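First comes the structure, then the notes that go with it.
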Amino acid sequence: MPSRKKAAGRSGSQHAASRSRPRPQARVPFRDAAPQPAAVRITVNGTGYEFLADRDLPCNMTLAALLREKLGFTGLKVSCDEGACGACTVLLDGRAVLSCMMLAVEADGHEVLTIEGLPADDPVIRAFAEQSEPGYGTALQCGYCTPGFVMTARALLNENPAPTLEEVKEALSGNICRCGCYAGIAQAVLRASRMIRERGGRP
Amino acid sequence: MKEPFRQRVARRHVGGYRPRIDGMEKASGRARYADDLTRAESFPGLLYAKVLRSPYPHARVRSIDTTAAEALPGVKAVLTYRDPEVARLKATSAGWTDGVDTVSYDRMMWKRYRDRRVLGDKACWVGDEVGAVVAAESEETAEEALRLLKIDWEVLPFVLDPLEAMKPGSPVIHPEIASGNVMPPDDIGGPDVFLDKGDAEKALSEAEVTVEGTSIHHNATQASLDPWCCVVDWKADRLTMWSNSYEADQSRMHIATMLDIPLNRIRVISSYVGGQFGRGDTGDQPFFLFTALLAKKTGRPVKFKHTRRESFHDTRQPAIYHGRAGARKDGTITALSFRCVGNAGAYADHSMFALKFAPVEVAEVALAHVPNVRFEARGVYTNKIPGCMMRGVGNSQLNLILGHIVDLLAEKLGLDPLEVALKNFGHECGGLPDKSLAAVLQAGAEKIGWKEKRHAPGRGPVFPPDGRRGVGFSCHPGWHAEWQEVRRGEVQVRITLNPDGTVTLDAPTVETGTGSNTCNVLGCAEALSFLDLAPEDIHWVQMVDTDTSVKDCVQTDSSVSYLQSEVMALAARELKERILERAARKFDAAPADLDVSGGRVFPRAQPARGIAVRELLLEPDLVPITVTRSRRPPGDKTGVPFFATFAEVEVDTGTGKVRVLHLAMVNDCGTVMYASGAEAQQIGGQCMGLGEALSEEIVYDRATGVPLNFNWIDYTIPTMADMPDIDPVLLEVWRGNGEYGACGIGEGTVTCTPRAVLNAVYNAIGVRIDEIPVKPEKVLRALGKA
């Protein structure tokens, strides 16, 4: 089990999320290069976790696998496992990233927010759950893509609290909903945007 | 704000616009799917299974040396086709492991085509499960073990094209079933010419006008986001399986028969499933069996899960349809004749459902007034991915030619194609024009602006620089009225009225996204309106567990949304009687002298003496009232409602790109059970239909038989940016039997979209394209530019 401690600010260097994905057999030359296992510190939903690279955190483990399998944040889904569907989207320092396309060790020193870290009354969650306006259908059916859409929408609204429909479509076009609830999803995001503004801009 | 639909009969709950009951659970990420429930943390000692998949389109395993794989640290078991517990497993057909009904092995639907082995020595497509399966401490170790298997393959010649496969001398794929790859006729589908009413040839030769055309439907795949997944734990004499199968009871039946275990020693648990779309039609369901055998061999729980690549295991059945029609000058169709070749791919599965069963249903309910009708179809084995039971099975392929014929005929006669459809299509229970079809076509035409926008082919205004616009439509009969669901057998529900007046509803069906769970709760609240319950007072039991649930209603055919509500109406009546019996003791009166209304039970003669039902139930013994009811859908024919898709497109004649500007989806539902859910199905269906029409296609390397795009980068599913404005229109015109007289609509919503788009493309550019998906190169070729 990873050791847990309260978040104590960022450690390590900031670096952009890599979009490359480890090949199953790729050997990361970590063990040879570093005789002392390096500490990897990741903050998830406000809680700090510390791992030893290649000991309790394999260097080829994706961020998605760490979050789901090791830490139990199963809201995010691994569906395509190659960055095409967005179901694994989480926020890294407030920006949407595809956790299946990023190594867990790359999150060293960063703050990760999964859907479990959103407050229960988050306006995006509420808007997705409640969407039923005539003419647009619901914002979810099977629900498998929903956490990814919610997190992508959350990132959009963090950056742009009052997006137009076109901006919503652009921002969410990296996510796939096979049930095809796109019309309902767009309505939900626009409604969440209104809810946030009605609260005086507080998310 | 768009306009809500109008109810024919005002109801309190059924037909409402409201959030889904699982909205918050799913939107917050709390909903648990199979992969979430089966993490290693919950299953100490969990092992992971991986199955060998053929790299060749057609090959036989001569031998497998497992020594190196078994010696790999972390490998706990290797099973091959030679192991007796594997070799003794009976051959199956997906007609058994996927169906609307729970049936025994002997009653499986397509007995003639038992062409699947659980782990055979023969591979029939690239990706086929074959030969060996491994259980190891991690997925990576299991994959490594597969690489260490030393396999002596006998590589066989292969064939991908069904017309090639029909020729003499072609490689034969299942010689024991089809000596020339053409699947032999069977009892259910009937002969090759499976429908022959009147004399179509004679009528065609005597017709005032005739038209003919070809339509080729392609191999889109279901692409559920939630890959197949199961964990099997088999300890002592008890087997438990968690899975994302959409049919818990049938899975149990399947396991019981194949592994020879009594039903009561098997427990199947199904939770939320991330999309179905017909993907159950696959012999891959035997993965339940080899996972179980590995669990038995190792004494540990074993998990098997598809990768995204492996999730490409089934498609819509590609079909080449040739159609001919004869008509009088006024547009009355006198003859229809269709010939079809379906590419079944490597295994038969439900091929005859798509090729014969579905067209027979359509002929019965839409072509009843055409005097001469002939249908001929052949299913052909090839070395491609098996294809059949995708959403809209068989109907999508047939609609592509039917809508083509209507458009061709209308053009030749100088008529509006809406008029041709109205003049001819209807079921035997009603006259012409069909009221449902008339309402559907009128609503769609209004939404799309048919009168203003429809013009002579290729003669519309130019939208600079190279844009040409056009409109098209296609219509189809529904196929999920209650009388068409008789083969399901009895549908069961159990309603428990708790001592505090709340309700626990066991209307088991695996929630795959269709919204039938919300329909169930609305139906229950409606049926129990005498208790004055809100939908929130009803708890819908989400998990299907064969140990505790009544039989689950298989989540197919879009009809679960109303089938269980029909049973609930009966159960509610019984529940009311039971309340009255209990109240009779309390009031010292005969039940017939009492009544329940507004949540109160009272003597009819003295309503003021009444008490709240809750008060009655909170008597000292606190026994809930539980009612279990079953009902077989009645078979009295009532016809079906119609539906239609209307499309407006813009074709760029410079690049060949087709942009869909607007879609209108009109469904007559009989009764709308849940308006927001029904509209979500209508809109979602357009998304899948548009994928099939424009972009989705599995591409093969013809030289090697290897599929090239088993991933979601190269297999392109529409995203939000690809979708036009969609108008969902719900109508209540037709009516079936029962309390609601509804009809499933979700499955059919994909059916008309490709043809509506193709007809709109023709209207835009004046050149016909016969094959979907309509990619830019096909448009340019049709325009003579490539």
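Here, each number is a calculation from the coordinates, and none is a lab measurement. None of these values were measured; they are calculated from a predicted model. Every residue, glycine among them, receives a Cβ derived from its backbone with ideal geometry; neighbour counts consider all protein chains shown.
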With 10 angstrom as the radius, rank B:TYR246, B:TYR700 by how many other C-beta atoms surround their C-beta, starting from the fewest. B:TYR700, B:TYR246
Taking neighbour counts of Cβ atoms within 10 Å as a proxy for exposure, in what order, fewest first, do A:THR74, B:THR66 appear? B:THR66, A:THR74
Going by the alpha-carbon gyration tensor, a ≥ b ≥ c the square roots of its eigenvalues, is the range B:21-175 rounded (a/c under 1.5) or, if a/c is not under 1.5, prolate (a/b greater than b/c) versus oblate? oblate
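Calculate, in nm to one decimal, what B:GLU428 and B:ARG12 gain on full extension: separation in residues at 0.36 nm each, minus their alpha carbon distance.
Numbers: separation 416, 0.36 × 416 = 149.76 nm, distance 3.38 nm.
That works out to 146.4 nm of additional length.
Under 14 Å from the Cβ of B:LEU783, count the other residues' Cβ atoms, weight Lys and Arg +1, Asp and Glu -1, and hand me the total.
On the way: positive: B:ARG468, B:LYS657, B:ARG768, B:LYS775, B:LYS778, B:ARG781, B:LYS785; negative: B:ASP466, B:ASP652, B:GLU777.
Around B:LEU783, the surrounding residues sum to +4.
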Need one value for B:677-686: mean number of C-beta atoms belonging to other chains within 10 Å of its residues' C-beta atoms. 6
Using alpha-carbon positions, what is the distance between the centroids of the range B:735-776 and the range B:9-64, in Å? 29
State, to one decimal in nm, how far the label point of B:ASP714 lies from the label point of B:ALA534, with both points 7 Å from Cα in the Cβ direction. 5.4
Per residue Cα convex hull volume for the range A:94-203, in cubic angstrom? 108
If you project the alpha carbons of the range B:1-105 onto the principal axes, what extent comes out on each, in Å, largest first? 69, 36, 29
Computed lengthening from B:SER138 to B:ALA456, 0.36 nm per intervening residue step minus Cα-Cα distance: 108.2 nm
Quick check: net charge around B:ARG469, other residues with Cβ under 9 Å of its Cβ, Lys/Arg +1 and Asp/Glu -1? 0
When B:SER138, B:SER224 are arranged by how many other beta-carbons sit within 10 Å of their Cβ, fewest first, they go B:SER138, B:SER224
Charge dipole magnitude, Cβ of K and R +1, D and E -1 - the range B:354-488, Cα centre, debye nearest 20: 400
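For the range B:637-773, take the convex hull of the Cα atoms, compute a quarter of its surface area, and give me that in nm², please. Present the calculation step by step, with values, prior to reporting the outcome.
Values: hull surface 43.7 nm².
That works out to 10.9 nm², a quarter of the Cα hull's surface.
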Would you mind getting me the FRET efficiency between B:ASP593 and B:GLU490? Use the beta-carbon distance for r and R0 = 41 Å, nearest 0.05. 0.75
For the range B:447-518, which semi-axes, largest first and in whole Å, follow from the square roots of 5 times the eigenvalues of its Cα gyration tensor? 51, 18, 11
What is the distance in Å between the Cα centres of the range A:136-170 and the range B:325-372? 42
Label-point gap, in nm, between B:ARG609 and B:THR504 - each point 7 angstrom along Cα→Cβ: 3.4
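Helix-only estimate, please: 222 nm mean residue ellipticity of the protein assembly as shown, summing -39500 (n - 2.57) across DSSP H runs of length 4 or more and dividing by its residues, to the nearest 500. Don't skip to the end; give the middle numbers.
On the way: 26 runs with 252 residues, N = 989.
Taken over the protein assembly as shown, the calculation gives -7500 deg cm²/dmol.
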Based solely on C-alpha atoms, express the radius of gyration and the Dmax of the range B:217-265 in angstrom. 14.3, 49
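Please state the shape class of the range B:648-703: rounded when a/c is under 1.5, otherwise prolate if a/b exceeds b/c and oblate if not, all from the C-alpha gyration tensor. Before the final figure, lay out the partial values.
Values: a/c = 4.18, a/b = 1.74, b/c = 2.40.
Because a/c hits 1.5 or more and a/b fails to exceed b/c, the range B:648-703 counts as oblate.
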Per 10 Å bin, what is the whole-percent P(r) computed from every C-alpha pair distance within chain B? 3, 13, 22, 24, 19, 12, 5, 1, 0
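Taking a quarter of the surface of the Cα convex hull of the range B:426-546, what do you get in nm²? Working shown, then result.
Working: hull surface 56.4 nm².
With every direction weighted equally, the projected area is 14.1 nm².
R0 = 35 Å: FRET efficiency of B:ALA703 with A:ARG95, Cβ-based, nearest 0.05?
Numbers: r = 44 Å, r/R0 = 1.26.
After rounding, the FRET efficiency stands at 0.20.
Just to be sure I understand the rule: take each whole DSSP H helix in chain B, project its Cα atoms onto its long axis, keep it if the span is 15 Å or more and its mean Kyte-Doolittle hydropathy is at least -1.0. Which ones pass? Can you show the working numbers first?
On the way: long enough: B:248-259 (16 Å, -0.04); B:287-298 (16 Å, 1.18); B:395-413 (26 Å, 0.63); B:435-448 (20 Å, 0.54); B:516-527 (16 Å, 0.35); B:560-587 (39 Å, -0.16); B:675-690 (22 Å, 0.11); B:753-765 (18 Å, 0.54).
Both cut-offs are met by B:248-259, B:287-298, B:395-413, B:435-448, B:516-527, B:560-587, B:675-690, B:753-765.
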Counting all C-alpha pairs of the protein assembly as shown, share separated by more than 52 Å (%): 18
What percentages make up the Cα-Cα pair-distance distribution of the range B:164-283 when the bins are 10 Å wide from 0? 10, 21, 23, 25, 13, 7, 2, 0
Within the protein assembly as shown: Cβ-based charge dipole about Cα centre, in debye rounded to nearest 20 (Lys, Arg +1; Asp, Glu -1): 800
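Counting other C-beta atoms within 10 Å, and keeping those with at most 13, which DSSP coil trypsin sites (Lys or Arg not before Pro) do you find in the range B:73-164? List each step's numbers first, then the result.
Numbers: sites: B:LYS76, B:ARG82, B:ARG88, B:LYS90, B:ARG107, B:LYS111, B:ARG112, B:ARG114, B:ARG116, B:ARG117, B:LYS122, B:ARG147, B:LYS150; in loops: B:ARG82, B:ARG88, B:LYS90, B:ARG114, B:ARG117.
Hits after loop and neighbour filter: B:ARG88, B:LYS90.
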With eigenvalues of the C-alpha gyration tensor scaled by 5 and rooted, the range B:97-201, Å: 36, 21, 11
When the Kirkwood radius is taken over all Cα pairs of the range B:498-577, what Stokes-Einstein diffusion coefficient follows at 10 °C and 1.306 mPa s, in µm²/s? 124
DSSP-loop GluC sites (Glu not before Pro) across the range B:170-229, with at most 15 other Cβ within 10 angstrom: B:GLU176, B:GLU208
How compact is the range B:528-650 by the rule of thumb for globular proteins, expressed as Cα Rg over 2.2 N^0.38 Å? 1.46
For the range B:574-652 versus the range B:218-233, the gap between their alpha-carbon centres in whole angstrom: 38
